[in-house]
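Have a look at the structure below before the remarks.
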Amino acid sequence: MSEIAVVLPDGSELGVPEGATLEDVAYEIGPGLGDDTVAGKIEGELVDKATPVSDGDRVEIVTDQSDEYLSVLRHSAAHVFAQALLRLYDDAKLTIGPWTDEGFYYDITGVDLDEDDLREIENEMQEIVEADYDIERVVYDREAAVDKYESDNEYKLDILEAEASDSDEISFYEQAEFEDLCKGPHVESTGEIGAFKLLNISSSYWRGDEENDTLTRVHGTAFESESDLEAFLTMREEAKERDHRKLGQELDLFSIPTVTGPGLPLYHPNGKTILRELEAYGESMNDEYGYEYVETPHLFRTELWKQSGHYDNYVDDMFLLDVNDEEYGLKPMNCPGHATIFEQNSWSYRDLPVRYAENGKVYRKEQRGELSGLSRVWAFTIDDGHLFVRPEQIESEVNDIMAMINDVLETFDLDYEVALATRPEKSVGSDEIWEQAESQLESVLESANMDYELEAGDGAFYGPKIDFAFTDALGRKWDGPTVQLDFNMPERFDLSYTGKDNEDHRPVMIHRALYGSFERFFMVLIEHYDGKFPLWLAPEQVRILPISDDELGYAHRLKNDLEAADFRVDIEDRSWTLGRKIREAQDDRVPYMLVVGSDEAEAGTVSVRDRKEREQQDVDLDSFIDHLTDERAEKREAPDFVD
Ligand SMILES: [Zn+2]
Ligand SMILES: [Zn+2]
């Protein structure tokens, strides 16, 4: 039997017989690992342990100690849900039921469920978990698989059809009387599911396409332990309270009305005030690091998108339009515009690096069913930066970009993790340029003493990248900024500079964003801060609360002085009680309230109250303004109160 070699996570190679499965690989590494194997990963994709490996595959073994175990457990919980559903509802039909970041869902049809039904299904699920049925993988040939669904489930038939080219071995997973067409992986028995909950019901479309049938989507989650589930549910409640769609409306930040179209957000003055501060901060950093601002239109001839490759790979997500029989496309990315600007000049090695920046609006046609608040939209703005550098300049440029990103994430108190994604199997660019680029990225990370995860083979086909992931105040993880090297676009646009040797050379292009999409970053900030934006971002920074109309004149003088120092100030002049005025300002999350009565007006002072209900009387206005000025410049809440 001939031998093949797989690549282990540490980069070493392991020889195994041809036809070996992931489980065989695990036993090859060690019998203990073999026994503990739940599933595995091939080229980053989570698959069943029975999956055969091929020569050169990058593989990883998943045990119940791996991070991926939770995904496996959740998919098994989805099967337990489906089994319970079929026990209770004869007419229920299953379609697909994958795991997600937060748990799992199953798209079903043929039943009309409400919240009470979910509790009943949970009881049945509990019985199934307690019965601890073995979960077994069974392989059928195509004909037998089709037979199972021919009479009553067109969706499963559709799935079988879509995978027609794959192979004639169709895997099912079975537990007691239940079976489901499924690629796995799964835990060994239903008893492994420690704690679960069905969360809510929404609707979806078959294959995510609104032209197709509407389905019922039941969301659930599962954990290894009851305490993990409790912690998740508490966090979820808090997240609901902080939902950016709810706060966006309450604080009058933005709206997405039906009349303007789906996924096309409108920023109201309060929202735009925050956005302008974010833009200004990003711009000041770009200025400091030598970026030049450019501007490109929203629309280009599709010739450009063909040249950049977007037309071939991205056309389904693009908005296209015909103008005088010529096809145009709204830009899904800013890079081709910037590459074209670079291409308009001739460059010497001395001119590089060239760094272009633009807060560029882009348009991507997401499925309407996938749109949600500011997190998934059709129109959004990226704080894009594109650098054109000589290969040997990669290290110093990436080093600067990392410093900028670090500044941004620290400013918002977002802890982050970093990953380096390297050359995938299919790639463009020479071995030499890949090696040079990867070793420079590694040396940036190492000289910054940064812990990073090596995601071998996870880079884009056109270059390696550094990915940031950050954690918000609720402990949720988000994909953050990316620094992406690109050897492809300079080829496609035939970009060049004249080297010391007087020959033409290709620059390397670096794509980077500090915030990424402003819309998504804004959404994260709303929820991260629970709408209590730090002073520098708060749309209204100070609200003056006169106790009676007699103090209105004094209130206006205070407002003028604060505005002269560039603060955003309002006066609450409705004839409410002071208590109500304070509550309202608190609800509006205004960082500082100045209470002024006759004593303050006479003495020329203010009584300061903040959002945390800290109070200080008899504060002199100048020292309050000094305090505010410091807090604004620091971009974070002052630990002490006024002095
Ligand atoms: Zn499944
Ligand atoms: Zn780009």
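For the listed residue pairs Lys361/Lys477; Lys49/Lys306; Lys197/Lys477; Lys41/Lys240, the alpha carbons are over 31 angstrom apart in Lys49/Lys306; Lys41/Lys240. Rolling a 1.4 Å probe over the protein heavy atoms gives the range 45-182 an accessible area of 49 Å² per residue.
Counting only Cβ charges, +1 for Lys and Arg and -1 for Asp and Glu, the dipole size of the range 68-234 around its Cα centre is about 280 debye. Between Arg492 and Arg142, the modelled label-to-label distance comes to 3.5 nm, taking each label 7 Å out from Cα in the direction of the beta carbon. From most to least packed by mean Cβ count within 10 Å, the peptides 623-633, 68-78, 443-453 give 68-78, 623-633, 443-453. What separates the Cα centres of the range 451-511 and the range 518-558 is a distance of 39 Å.
For the range 346-499, with all protein chains present and a 1.4 Å probe, just round the carbon and sulfur fraction of the accessible area to a whole percent. Accessible surface attributable to carbon and sulfur in the range 346-499 totals 39 percent. Over what distance in Å are the Cα centres of the range 237-265 and the range 370-413 separated? The distance from the Cα centre of the range 237-265 to that of the range 370-413 comes to 25 Å.
Classify the range 535-634: rounded, prolate or oblate, from the alpha-carbon gyration tensor (a ≥ b ≥ c, eigenvalue square roots; a/c under 1.5 rounded; otherwise prolate if a/b is larger than b/c)? Oblate, because a/c is 1.5 or more while a/b does not exceed b/c.
For the chain, the longest principal axis of the Cα atoms and the long axis of helix 69-88 meet at an angle of about 70 degrees. Based on DSSP, what percent of beta bridges with both residues in the range 535-634 are antiparallel, to the nearest 5? Roughly 50 percent of the beta bridges in the range 535-634 run antiparallel, per DSSP. Listed by chain and number, the aspartates and glutamates whose C-alpha is less than 12 Å from the C-alpha of Lys93, apart from same-chain residues fewer than 8 away, are Asp107, Asp112, Asp152, Glu154, Asp180. Remark: the chain carries a charge dipole of roughly 2380 debye about the Cα centre, counting +1 on each Lys and Arg Cβ and -1 on each Asp and Glu Cβ.
Can you bin the range 3-63 into rounded, prolate or oblate? Criterion: square roots of the alpha carbon gyration tensor eigenvalues sorted a ≥ b ≥ c, rounded for a/c under 1.5, prolate for a/b above b/c, oblate for the rest. Note, shape of the range 3-63 comes out rounded. For the range 55-112, the carbon plus sulfur part of the accessible surface works out to 37%, probe radius 1.4 Å. For the chain, the relative contact order works out to 9 percent when only alpha carbon pairs closer than 8 Å and six or more residues apart are counted.
In the context of the full set of protein chains, the range 279-422 has a per residue accessible area of 45 Å² (1.4 Å probe). Legend: calculated FRET efficiency, Glu13 to Asn123, from the Cβ-Cβ distance at R0 = 56 Å, rounded to 0.05, equals 0.65.
Magnitude of the charge dipole for the range 586-643, about its Cα centre and with charges confined to Cβ atoms of Lys, Arg (+1) and Asp, Glu (-1), is about 380 debye. Note on Lys559: lysines with a C-alpha under 28 Å away, same-chain residues under 8 apart excluded, are Lys272, Lys532, Lys581, Lys612, Lys635.
The angle separating the long axis of helix 394-411 from the principal Cα axis of greatest extent in the chain is about 60 degrees. At a probe radius of 1.4 angstrom, the accessible area of the range 535-634 per residue rounds to 49 square angstrom.
Our note on the geometry: Cα centres of the range 183-236 and the range 22-48, 25 Å apart. With the cut-off at 1.5 for a/c, could you classify the chain from its C-alpha gyration tensor as rounded, prolate or oblate? Verdict is oblate for the chain. Tyr529 exposes around 40 Å² of accessible area when a 1.4 Å probe is run over every protein chain in place. Averaged over residues, the count of other Cβ atoms within 10 Å places the peptides 4-12, 302-310, 459-467 in the sequence 459-467, 302-310, 4-12, highest first. Note on the range 234-321: Cα-only Rg and Dmax are 18.5, 51 Å.
Contact order, relative form, for the range 68-234: 29 percent (alpha carbon pairs under 8 Å, 6 or more residues apart, mean separation divided by residue count).
The values are calculated or read from the model by the stated rules, or taken from the named source; none is laboratory data. Nothing here was measured: the structure is a model prediction, and the numbers come from that model. With ideal geometry, Cβ positions are generated from the backbone for all residues, glycine too; neighbour counts draw on all protein chains shown. Ligands, DNA and RNA are excluded from the accessible area calculation, which covers all protein heavy atoms including side chains. Shrake-Rupley method; radii C 1.70, N 1.55, O 1.52, S 1.80 Å.
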